[in-house]
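Everything on this sheet refers to the single structure shown next.
No value in this document is a laboratory result; all are computed from the given coordinates. Predicted model only: the values in this text are computed from it and were never measured. For neighbour counting, all protein chains shown are included, and Cβ atoms are generated from backbone atoms with ideal geometry for every residue, glycine included.
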Ligand SMILES: NC(=O)c1ccc[n+]([C@@H]2O[C@H](COP(=O)([O-])OP(=O)(O)OC[C@H]3O[C@@H](n4cnc5c(N)ncnc54)[C@H](O)[C@@H]3O)[C@@H](O)[C@H]2O)c1
């Protein structure tokens with residue numbers, strides 16, 4: 001598939017994630033694409049990206065509000081619309097862009113609930129446009145390697161997967177500060193975050209999820225949990241709070257140039273507060289979740305997500321008829337307190353806490369990744385993980401190539417994700433949310449979505 005040179009790109013939602021696409025189109029991919037419009041509720045954030053474009057020698061694109069999206073499509077005639085707005089708004093832009101014949105690049109999750117998913121299906125089925133969901137985790141070499149190993153038959157037919165994801169008190173906490181904390185906007189972490197993980201399993205197994213049972217709740221963040229643990233008198237937000245520098249759950253927007261420009265300086269426009277306290281009222285999502293999912297092939301997935309772990313990473317065990325694969329990833333071995341590690345002097349920037357010899361003693365959980373393959377009747381073997389250049393072990397470069405410079409050469413790993421991949425992953429999260437409400441198993445096949453591979 002060779003695409004015309006210099007396609008016209010519109011970006012909807014000019015927050016932090018949009019940066020990856022704007023940077024790409026103003027540098028490495030400037031020869032194949034031009035930014036022709038922004039659409040956002042917030043003029044300050046759009047102006048921030050004007051600065052990025054003009055600094056790279058381009059022309060600042062015109063600004064449109066959400067109600068002007070139809071006019072944007074008519075006036076700017078984009079070839080591609082990149083959707084990086086909050087999750088519950090994705091369907092509206094994706095559907096309108098597809099109806100206008102545009103291609104769509106949509107951030108995960110494809111959407112947050114069933115009716116919007118159907119809206120996207122209707123739009124894509126009547127459109128000449130294509131839709132890509134940017135599941136960047138697929139491109140991470142360790143995850144690609146798992147796909148390759150399973151497809152090669154290394155463990156035979158997969159019978160079950162156990163998948164545990166730990167989000168730490170830096171990354172996990174961040175979902176409880178802003179729009180992600182509202183289920184109506186993010187779908188909760190089972191949609192917003194786990195759609196990455198469910199996509200990995202669906203893709204690794206090349207299978208279709210069918211029945212989902214879930215349990216979970218808000219057990220750590222939020223005002224009620226804080227009160228139970230004696231955490232009272234919390235500030236409503238970090239900015240201006242007296243304990244800002246000593247509070248491990250605070251986020252200092254002013255200390256980071258980009259966070260200040262995108263959020264603190266933009267608050268007056270729309271009242272979007274990026275640094276709400278993670279123990280304040282109003283959180284409607286869960287922070288501890290467990291799932292049982294059965295697949296069409298008969299394989300079962302047991303999955304858990306915790307959003308307040310002391311380290312960040314994931315562990316996956318995949319059982320097959322001929323052996324077992326294990327993937328262990330530690331992305332951050334621990335979170336440093338505001339005044340240095342507990343029991344240690346203040347932070348020495350030369351110290352790398354992920355160094356196994358950290359502090360002169362052994363850190364038994366250094367950051368790193370490992371794949372073990374063990375076939376029946378054989379000792380385990382460690383499988384080397386290919387290294388590439390750039391972010392996520394070179395994964396991000398492959399993803400951006402797939403979006404902006406596709407070659408049409410078939411990818412043996414099948415990493416480019418289309419709308420059915422987006423639907424299959426989000427369907428698990430939507431079903432899980434339903435199961436949380438009812439306490440009952442939910443059959444995804446009854447959703448009426450096109451989930452076949
Ligand atoms: N693939 C990944 O690993 C990854 C990482 C981060 C974010 N994301 C996804 O990117 C999307 C954006 O996340 P973010 O962290 O940049 O959020 P953000 O809050 O920083 O940015 C969202 C932007 O959308 C704008 N907006 C709000 N309502 C809108 C509306 N109705 N119409 C148009 N724009 C609107 C906001 O003003 C803001 O500028 C989300 O869907 C998120 O899931 C994906």
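Sorted on the mean count of surrounding Cβ atoms within 10 Å across their residues, most packed first, peptides 215-226, 367-378 read 215-226, 367-378. Label-to-label distance for residue 28 and residue 270 is 2.8 nm, based on points extended 7 Å past Cα in the beta-carbon direction.
If each residue of separation counts as 0.36 nm, what is the full-extension length gain between residue 411 and residue 162 once their alpha-carbon separation is subtracted?
On the way: separation 249, 0.36 × 249 = 89.64 nm, distance 2.70 nm.
That works out to 86.9 nm of additional length.
Here is the tail figure for the range 102-223: Cα pairs spaced more than 27 Å apart come to 30 percent of all pairs. The alpha-carbon positions of the range 48-137 define a convex hull whose volume is 115 Å³ per residue.
Computed from the C-beta positions of residue 171 and residue 74, the FRET efficiency with R₀ = 45 Å rounds to 0.65.
Maximal additional length on extending the residue 67-residue 380 stretch stands at 106.9 nm, based on 0.36 nm per residue less the C-alpha distance.
Rounded to the nearest 500, the helix-only mean residue ellipticity at 222 nm of the chain stands at -8000 deg cm²/dmol, with each DSSP H run of n ≥ 4 adding -39,500 (n - 2.57). Where both bridge residues fall in the chain, DSSP classifies roughly 60% of the beta bridges as antiparallel. Cβ-to-Cβ counts within 10 Å put 183, 108, 157 in ascending order as 157, 183, 108, the fewest first. For the chain, a Kirkwood hydrodynamic radius built from all Cα pairs, placed in the Stokes-Einstein relation at 37 °C and 0.692 mPa s, yields a translational diffusion coefficient of 141 µm²/s.
Cα centroid separation, the range 68-88 to the range 138-171: 34 Å. Compared with the direct C-alpha span, the chain from residue 401 to residue 257 gains 49.0 nm at full extension, assuming 0.36 nm per residue.
A Förster radius of 25 Å combined with the Cβ-Cβ distance from residue 452 to residue 130 puts the calculated FRET efficiency at roughly 0.85.
Once Rh for the range 409-451 is found with the Kirkwood sum over Cα pairs, what is the Stokes-Einstein diffusion coefficient at 10 °C and 1.306 mPa s, in µm²/s? Stokes-Einstein gives a translational diffusion coefficient of 134 µm²/s. Peptides 435-447, 46-58, 280-292 ranked from most to least packed by the mean count of surrounding Cβ atoms within 10 Å: 280-292, 46-58, 435-447.
Ordering of 171-181, 121-131 by packing is 171-181, 121-131, highest average first (other Cβ atoms within 10 Å, averaged per residue).
From largest to smallest, the equivalent ellipsoid semi-axes obtained for the range 354-453 from the alpha-carbon gyration tensor read 34, 25, 17 Å. Across the chain, the relative contact order, built from alpha-carbon pairs under 8 Å that are at least six residues apart, equals 21 percent.
Between residue 296 and residue 331, the FRET efficiency estimated from the beta carbon spacing at R0 = 22 angstrom works out to 0.10.
With both labels modelled 7 Å from their Cα along Cα-to-Cβ, the residue 54 to residue 206 distance reads 5.2 nm. Convex hull volume of the C-alpha atoms in the range 223-270, normalised per residue: 96 Å³.
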